Amino acid sequence: MRFEVPVNCLPKGGEAVRGTIVDLSVGGVYVEAPWSPAFGTEVTLAADLPGAKGMKLPGIVRWTKPSGFGVQFGLLGALETHALAAIVSKARG
């Protein structure tokens, strides 16, 4: 699902990255950002998703490119899983 949502990416043991979520699925996100954490870095994404303010999503960086990086979600709780499924379902119409 394509949209634009500001996000703070907090890498484990690293410096925070501010970016924009531009693609979202139940399994992960693509973040456009000025730089990317290294492949394999554990991260927490903090964002106000539609209908889910203050969402914190754990994940791991699975790929990078000059304009951003892809994050595969880690273990999510029921609240996060339900919120993501609702957002994706609504976007599909």
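Each value in this text was obtained by applying a stated rule to the coordinates, not by laboratory testing. Note that this is a predicted model, so its numbers are computed, not measured. Reconstructed Cβ throughout: ideal geometry from the backbone, glycine too, with neighbour counts over all protein chains shown.
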Subject >> Under 17 Å from Lys12, Cα to Cα: lysines that are on another chain or at least 8 residues apart >> reply: Lys56
**OP:** At 7 Å along the Cα-to-beta-carbon direction for both Thr64 and Val26, put a label point, then send me their distance in nm to one decimal.
**Re:** 3.0
Subject >> the range 16-93: Cα Rg divided by the 2.2 N^0.38 Å rule of thumb >> reply: 1.04
**OP:** Excluding residues on the same chain fewer than 8 positions from Lys65, give the aspartates and glutamates whose Cα lies under 20 Å from its Cα.
**Re:** Glu4, Glu15, Asp23, Glu32, Glu42
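Which length gain, in nm to one decimal place, applies between Lys56 and Ala78 when the Cα-Cα distance is subtracted from 0.36 nm times their residue separation?
Fully extending the segment from Lys56 to Ala78 adds 6.7 nm.
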**OP:** Calculate the spin-label point distance for Trp35 paired with Lys12, positioning each point 7 Å from the Cα along the beta-carbon direction, and give it in nanometres.
**Re:** 2.1
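Relative contact order for the range 2-88: what is it in percent, counting Cα pairs under 8 Å that are at least 6 residues apart? Kindly include the intermediate steps, with their values, before the conclusion.
Values: 205 pairs, mean separation 23.0, N = 87.
Over the range 2-88, the number comes to 26 percent.
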**OP:** List, in order, the whole-Hz ³J(HN,Hα) value for each residue of the range 32-37 obtained from phi through the Karplus relation with A = 6.51, B = -1.76, C = 1.60 and θ = phi - 60°; use x for Gly and Pro.
**Re:** 7, 7, x, 8, 10, x
